[in-house]
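The values are calculated or read from the model by the stated rules, or taken from the named source; none is laboratory data. Everything numeric here is computed off the predicted structure, so don't read it as measured data. Here Cβ is always computed from backbone atoms with ideal geometry, including for glycine, and neighbour counts include all displayed protein chains. Please note that ligands, DNA and RNA were not included when accessible areas were found on the heavy atoms of the full protein model with its side chains. Shrake-Rupley method; radii C 1.70, N 1.55, O 1.52, S 1.80 Å.
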Amino acid sequence: LKATQCFLFPGEPAQFDPTFKGPMKKRGCTDIICCVLFMAVILGYIAVGILAWLFGDPRHVLYPRNSTGWFCGVADLISFRARSPTQLVLVFVFNRDIVNGFNAREIGVRIFEDFATSWPWILVGLLIAMVVSMLFLLLLRFTAPVMVWVLIIGVLGAGAYGIWHCYWEYDNYKQLSATITDIGFTTNLNVYLQVQETWLAFLIIISVAEAIILLTIIFLRTRILIAIALIQESMCVFIYHRAISHMMSSMLYPLVTFVLLLVCVAYWGATALYPFNVMYARVYMCLHALVALNSTGFNSSDYPGCPLASCIFIKYNDEGLFQRNLFNLQIYNAVAFLWCVNFVIALGQCTLAGAFASYYWAFTKPDDIPMFPLSASFIRSLRYHVGSLAFGALILTLVQIARMILEYIDHKTRAAQNPCARFILCCMKCCLWCLEKFIKFLNRNAYIMIAIYGKNFCVSAKNAFLLLMRNVVRVVVLDKVTDLLLFFGKLLVVAGVGILSFFFFSGRILLPGHTFRSETLNYYWMPIITVVFGSYLIAHGFFSVYNMCVDTLFLCFLEDLERNDGSLQKPYFMSKNLMKILNKSNKAQKKVKGED
């Protein structure tokens, strides 16, 4: 299998470098062209925001407008005289929308009151979620082997029960003479469950699947042990007595990413709201005088030759340069927003990867771990690799834009689609979804290589991809084991905190001595939803850091195996547990033991 992988994905294995001691200190700026392009887009984005702020008017969304073109509840600046009762009726009818909006505003006020009453307890729920997430990760060092094997045994046990149940059903229907051929095609699926052949088919399928899973576990047991050891090793990053003050800060780094993403979303929302509702100049038609006016005002004395002159609202002026390019500005806003969001995520991944790589490549842990590895990695990423991070983010942004365009086409043409067109669109959306997942996977590992070696994006992506493909079985096993553990961790945190918040905010749990009562809430489900959603974000933030740690240590582990052989000149940097699983050791350690 190893020979086949090397034949399909040859590449150049990492060579031993006696000067390599972790993330390279001497490096240069990478992907400068993309860096300049990204900076230009950011400057353009700022310019779009300034134009939106200067010329936009969000009142087009916040307030309804009457037949004169003015916002309801806002004082008119133009003298307007209604010439007929019809105009007065139009103004009155349009103003009914304000009455219809009272209910929504009242609900919003009640929700705000609920948050004002319950916010301390919401913070308590989020604090509990943070503590539970931390405890789960800390306990993984000791419980990871047990959890993994319990889950594996659980899957095998579920399959064994399925086999027994199918055989039991098969035996029960043995006396019936009916077959699937006799029944034919029917939409009543329960009929098929009363046929012996159906349960025989289920029995064969589940038995084959069970055998495949069992054989896979038997042949991959060593790689499963490696995955468990890497998961345990990842937790060691945070608990070494000297490294804890430096590495534990990485657990809080998701707060930085969250704040930056919040800034991006807020800027996008404000920019999208303002230019979309740009303050058009009002165009009035002067009756009898046949003169078009703008919003500067109207005075009948200016038209002495036409005493019957009066103004009525016609439309908003949409012929200006800014107004004609609103759609293009919105497209620019959306593309720049996606690029910025993906860049912020890439910056976080590269920063964390650099910090965790500093831990792995410290030969004597924790003495060789550099001071403040997270801060140093963050500075290196911003100083040298903005272009590379922007390059990877741009590729992902283009794929996401293609998915959005395809979704838009599907939405607009759904009524006119035939089965063939729906099938083609479904296949295209599936392909783009897979492509996006692959790009995210490739980018993630490319950022790890960038953080370690300081190469440009293309070289880092190629090296990471070839390294992973030379160890594809280990990649699959580690990825699935990690995903399984973290999925159950998120489920535990969100479900546990959600159930606790439900019992508390619904009044089923009463704490002695506190003044909060569920009867004071208008909608007790709003704090519950807030706590559940916040718990998910907290668990996702903590677990994403841990997942990045596992991926970084895994790539370093693979590089370690290719670079070194355990000799005095090329010792391994991996932990003793990993060396024990692989039946490897450092000759220097053996020599010390022999002397002892």
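General observations
- In segment 181-264, counting only helices (runs of 4 or more DSSP H) that sit wholly within it, the ones holding 3 or more residues that are at pLDDT 85 or above span 196-219.
- Scope segment 383-430; condition among the polar types (S, T, N, Q), farther than 30 Å from LEU352 by Cα and surrounded by 13 or more Cβ atoms within 10 Å (Cβ to Cβ); matching residues: GLN417
- In the condition set (1) over 30 Å from LEU137 (Cβ atoms); (2) of a type outside the set (D, E, K, R); (3) at pLDDT below 90, LEU484 is compliant with all but (1).
- Matching residues, segment 366-418, being over 15 Å from CYS34 (Cα atoms), in a loop (DSSP other than H, G, I, E, B) and either in contact with a Phe, Trp or Tyr (Cβ under 9 Å, 6 or more places away or on another chain) or of a type in the set (Phe, Trp, Tyr) (or both): PRO366, ASP368, ILE369, PHE372
- Hits in segment 369-408 - residues which are among the charged types (D, E, K, R) and under 21 Å from LYS455 (Cα atoms): ARG380, ARG383
- The residues of segment 203-217 that are exposed (fewer than 12 other Cβ atoms within 10 Å of the Cβ) and either in contact with a strand residue (DSSP E or B) (Cβ under 9 Å, 6 or more places away or on another chain) or over 16 Å from ILE152 (Cα atoms) (or both) amount to a single one, VAL208.
- The listed residue being farther than 30 Å from ARG110 by Cβ, assigned to a helix (DSSP H, G or I), touching a helix residue (DSSP H, G or I) at 6+ places or on another chain (Cβ under 7 Å) and open to solvent by 40 Å² or more (accessible area, probe 1.4 Å), out of LEU468, LEU484: LEU484
- Scan of segment 339-378 for residues that are farther than 23 Å from LEU442 by Cα, surrounded by fewer than 24 Cβ atoms within 10 Å (Cβ to Cβ) and not basic (Lys, Arg), ordered by number: ALA362, PHE363, THR364, PRO366, ASP367, ASP368, ILE369, PRO370, MET371, PHE372, SER375, ALA376
- So ARG380, is it at negative phi, at pLDDT 90 or above and either charged (D, E, K, R) or within 16 Å of the chain's Cα centre (by Cα) (or both): yes
- Members of segment 446-463 that are buried (at least 21 other Cβ atoms within 10 Å of the Cβ) and either within 18 Å of VAL399 (Cα to Cα) or of a type in the set (A, V, I, L, M) (or both): ALA446, ILE448, MET449, ILE450, ALA451, ILE452, PHE457, ALA461
- Taking helices (runs of 4 or more DSSP H) as the structural unit, those lying wholly within segment 24-125 and holding at least 2 residues that are at pLDDT 80 or above and either among the hydrophobic types (A, V, I, L, M, F, W, C) or farther than 30 Å from ALA266 by Cβ (or both) correspond to 32-55.
- Members of segment 555-570 that are out of contact with any Phe, Trp or Tyr (no Cβ under 7 Å at 6 or more places or on another chain) and open to solvent by 10 Å² or more (accessible area, probe 1.4 Å): GLU559, LEU561, GLU562, ASP565, SER567, LEU568, GLN569
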